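Just passing along the structure, written as structure tokens.
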Amino acid sequence: MKTLITNRFYYATLAFMKRYWNLLRTQPLLAKLSLIQLIAYFGAWFSNVAIYTLLITLNVDASIIAFVAALHFFAGVLQAPLSGALIDKISPKKLMIVLTVIEISCTLMLMSIDEVSKLPLLYVLVFARMAAASFQFTVEMSLLPRILSGKALQSANEIHSIIWSLSYTLGMALSGLLVYSVGVKYAFLLDALLFVIVLLLQMNLHFTLEQIKSTSRFMTMMGDALRYIRKERIVWHLMLLHSVVSFTTFDALVVLSAQKYYMNIIAISLGIGLVHAARAVGLAIGPLFLGEWVNIRRLEFLLLAEALAIGVWAWAMSDFYASLAASVLVGFMTTTLWSYTYTLIQKHTHPEYYGRVVAYNDMIFLGVGGLVSLMIGFLVNMGWTLESITVLLGSAFLIAAVYYRWLRQHYELQEIE
């Protein structure tokens with residue numbers, strides 16, 4: 001039995017690598033964007049453990065930690081409507097270069113934060129930095145449906161979902177090791193150097209596709225996109241369904257669990273990093289088994305499986321080693337859930353509205369993620385246990401499964417082919 005499972009994993013890995021490698025080899029623009037995205041997203045999340053370690057060192061309470069976690073998401077919410085209009089009017093390359101310069105500047109300025117009185121500056125820098133990172137993501141994701149379609153688009157979304165997820169978790173995992181080894185300020189410095197590499201790659205990027213530009217005013221474009229979403233109700237419902245995946249943004253929970261349960265076993269920065277690293281394993285191997293398996297009919301079962309996995313993590317949270325194993329399980333479904341629901345949105349959106357629909361979709365996704373982070377801090381201060389909060393987050397996927405069944409009964413979804 002063990003040999004059979006090993007062989008299935010081996011052949012699934014080969015098929016996974018071949019499918020994605022062939023796509024990257026035949027789509028050079030996608031390959032270049034993927035490399036830039038890998039480094040940029042890694043940099044965006046790399047110094048997060050340094051930020052959280054700094055907050056713990058400054059002895060702030062759970063609500064401050066949750067607020068900083070929420071800022072990472074609300075930054076994307078507030079800039080999304082503007083970014084959607086800009087994407088449909090301005091060269092993607094110019095936008096990406098300006099955004100990277102902002103990220104470099106904000107990351108270097110984080111090195112000056114060393115006392116509680118400077119927390120307002122930290123809030124501003126985190127907000128601006130993550131707004132730029134979110135804008136970068138929207139720019140690149142709005143390009144994909146213009147160069148790919150069908151299963152190729154789903155595979156590209158899976159690649160970028162894996163990149164985002166691995167950068168999100170491994171970035172913080174490796175940052176935990178670095179913060180433990182050399183301290184907070186050097187982590188910020190190295191992070192800024194990563195963005196310099198991104199800037200150099202972007203300056204040498206050449207787009208061969210023709211961009212669809214609008215000559216309308218910003219407010220007209222934004223309003224037109226909202227009217228389109230209101231008219232195409234299926235797009236709105238798919239955006240809501242996709243936003244449920246943001247209930248897996250467990251930053252505050254991981255930090256608080258490391259502080260409460262693991263600090264007597266391992267350094268807090270290492271504990272945070274290792275939990276995120278374990279989840280990254282699940283995020284990476286999940287698509288090996290689920291990428292080809294998932295379809296419109298089976299998505300409901302994937303939502304239920306995610307709810308169960310989060311429940312297992314809640315049960316195992318107080319035990320460091322059991323929590324690591326449960327984190328792998330939680331990550332196993334997440335990448336496929338994100339990429340498949342994202343592809344469904346793109347599949348049902350008219351090309352003229354790609355940039356703005358992607359931007360509004362990211363606004364909803366990040367808004368929910370920010371509210372989840374704030375809710376965690378609020379519930380902790382209300383006396384809820386971390387385990388009960390985790391179960392509450394998992395229940396969102398049970399509700400999503402019911403909602404998706406209703407959606408299939410009332411709308412005709414197009415399968416991704």
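The values are calculated or read from the model by the stated rules, or taken from the named source; none is laboratory data. Here the structure is a predicted model, which is why all the values come from computation and not from measurement. Cβ coordinates were reconstructed from backbone atoms using ideal geometry, including for glycine residues, and neighbour counts include every protein chain displayed.
Hey, among 153, 119, 166, which residue is part of a helix (DSSP H, G or I) and at pLDDT 85 or above?
Working: 153 fails: at pLDDT 85 or above; 166 fails: at pLDDT 85 or above.
Only one candidate passes the filter, namely 119.
Also: Anything in segment 234-276 that is of a type in the set (Gly, Ala, Ser), buried (at least 19 other Cβ atoms within 10 Å of the Cβ) and either touching a residue at least 40 places away in the same chain (Cβ under 8 Å) or within 28 Å of residue 358 (Cβ to Cβ) (or both)? List them, or say none.
Restricting attention to segment 234-276, the residues satisfying the condition of being of a type in the set (Gly, Ala, Ser) are 243, 246, 252, 257-258, 267, 269, 271, 273.
Restricting the remaining residues to those that are buried (at least 19 other Cβ atoms within 10 Å of the Cβ) gives 243, 246, 252, 257-258, 269, 271, 273.
Once the filter is applied, which keeps residues that are of a type in the set (Gly, Ala, Ser), buried (at least 19 other Cβ atoms within 10 Å of the Cβ) and either touching a residue at least 40 places away in the same chain (Cβ under 8 Å) or within 28 Å of residue 358 (Cβ to Cβ) (or both), segment 234-276 yields 243, 246, 252, 257, 269, 271, 273.
When residue 213 is evaluated against the numbered criteria (1) in a helix (DSSP H, G or I); (2) of a type in the set (D, E, K, R); (3) at pLDDT below 75, which criterion, by number, is the only one it fails?
Only one criterion in (1) in a helix (DSSP H, G or I); (2) of a type in the set (D, E, K, R); (3) at pLDDT below 75 is unmet by residue 213, namely (1).
Taking interchain pairs and intrachain pairs at least six residues apart, which have beta carbon atoms under 6 angstrom, with the first residue in segment 52-71 and in contact (Cβ under 8 Å) with a residue 12 or more places away in the chain and the second part of a helix (DSSP H, G or I) and among the charged types (D, E, K, R)?
That search, which allows pairs on different chains as well, returns 69/251.
Output the number of the condition that residue 327 fails; it satisfies all remaining conditions of (1) in a helix (DSSP H, G or I); (2) among the polar types (S, T, N, Q); (3) at pLDDT below 85.
Among (1) in a helix (DSSP H, G or I); (2) among the polar types (S, T, N, Q); (3) at pLDDT below 85, the lone unmet condition for residue 327 is (3).
Here's a follow-up. Which of the residues spanning segment 308-324 are assigned to a helix (DSSP H, G or I) and crowded, with 17+ Cβ neighbours inside 10 Å? So that I can check it myself, show each step before the final result.
Keep residues of segment 308-324 that are assigned to a helix (DSSP H, G or I), which gives 308-316, 320-324.
Selection gives 309, 310, 311, 312, 313, 314, 316, 320, 323, 324.
Could you tell me which residue of segment 358-378 is surrounded by the fewest Cβ atoms within 10 Å (Cβ to Cβ), considering only residues that are within 16 Å of residue 141 (Cβ to Cβ) and of a type in the set (Val, Ile, Thr)?
364
Can you tell me which residue among 279, 297 is basic (Lys, Arg) and either at positive phi or surrounded by fewer than 22 Cβ atoms within 10 Å (Cβ to Cβ) (or both)?
Working: 279 fails: either at positive phi or surrounded by fewer than 22 Cβ atoms within 10 Å (Cβ to Cβ) (or both).
Going through 279, 297 in turn, just one is basic (Lys, Arg) and either at positive phi or surrounded by fewer than 22 Cβ atoms within 10 Å (Cβ to Cβ) (or both): 297.
On to the next question. Quick check on my filter: what residues within segment 105-164 are surrounded by fewer than 18 Cβ atoms within 10 Å (Cβ to Cβ), in contact (Cβ under 8 Å) with a residue 40 or more places away in the chain, of a type in the set (A, V, I, L, M, F, W, C) and within 20 Å of residue 56 (Cβ to Cβ)?
Once the filter is applied, which keeps residues that are surrounded by fewer than 18 Cβ atoms within 10 Å (Cβ to Cβ), in contact (Cβ under 8 Å) with a residue 40 or more places away in the chain, of a type in the set (A, V, I, L, M, F, W, C) and within 20 Å of residue 56 (Cβ to Cβ), segment 105-164 yields 111, 116, 119.
If you don't mind, there's one more thing I want to ask. Scan segment 372-402 for residues that are under 19 Å from the mean Cα position of the chain (by Cα) and closer than 25 Å to residue 157 by Cα and jot them down. Don't jump to the end; show me each part of the working.
Restricting attention to segment 372-402, the residues satisfying the condition of being under 19 Å from the mean Cα position of the chain (by Cα) are 372-376, 390, 393-394, 396-397, 400.
Result: 372, 393, 394, 396, 397, 400.
Check segment 178-188 and report whether any residue there is in a helix (DSSP H, G or I), within 15 Å of residue 23 (Cα to Cα), modelled with pLDDT under 80 and touching a Leu at 6+ places or on another chain (Cβ under 9 Å). Explain how you work it out, then say what you get.
The initial filter retains those residues of segment 178-188 that are in a helix (DSSP H, G or I), namely 178-182, 184-188.
Going one step further and asking which of them are within 15 Å of residue 23 (Cα to Cα), we end up with none.
Within segment 178-188, not a single residue is in a helix (DSSP H, G or I), within 15 Å of residue 23 (Cα to Cα), modelled with pLDDT under 80 and touching a Leu at 6+ places or on another chain (Cβ under 9 Å).
So which pairs qualify, if the first residue must be in segment 388-400 and part of a helix (DSSP H, G or I), the second must be surrounded by 15 or more Cβ atoms within 10 Å (Cβ to Cβ) and of a type in the set (Asp, Glu), the Cβ gap must be under 6 Å, and the two must be at least 6 apart or on different chains?
397/306
Considering segment 346-403 alone, what residues qualify as being β-branched (Val, Ile, Thr) and closer than 12 Å to residue 66 by Cβ? Step through it out loud before you land on a result.
First, pick out the residues of segment 346-403 that are β-branched (Val, Ile, Thr): 349, 357-358, 364, 368, 372, 376, 380, 385, 389-391, 399, 402.
Within segment 346-403, 372, 376, 380, 389 qualify.
Another question, if that's okay. Evaluate the following for residue 205: is it modelled with pLDDT of 75 or more and not in a helix (DSSP H, G or I)? Give the steps one after another, and end with the answer.
Working: modelled with pLDDT of 75 or more: yes; not in a helix (DSSP H, G or I): yes.
So residue 205 passes the test.
Right, another one. Could you list all residues from segment 94-116 that are in a helix (DSSP H, G or I) and more than 29 Å from residue 343 (Cα to Cα)?
Within segment 94-116, the first condition is being in a helix (DSSP H, G or I), and the residues that meet it are 94-112, 116.
Hits for segment 94-116 are 101, 102, 104, 105, 106, 107, 108, 109, 110, 111, 112, 116.
Same structure again: Does residue 98 satisfy being touching a His at 6+ places or on another chain (Cβ under 7 Å) and modelled with pLDDT of 85 or more?
Working: touching a His at 6+ places or on another chain (Cβ under 7 Å): no; modelled with pLDDT of 85 or more: yes.
No.
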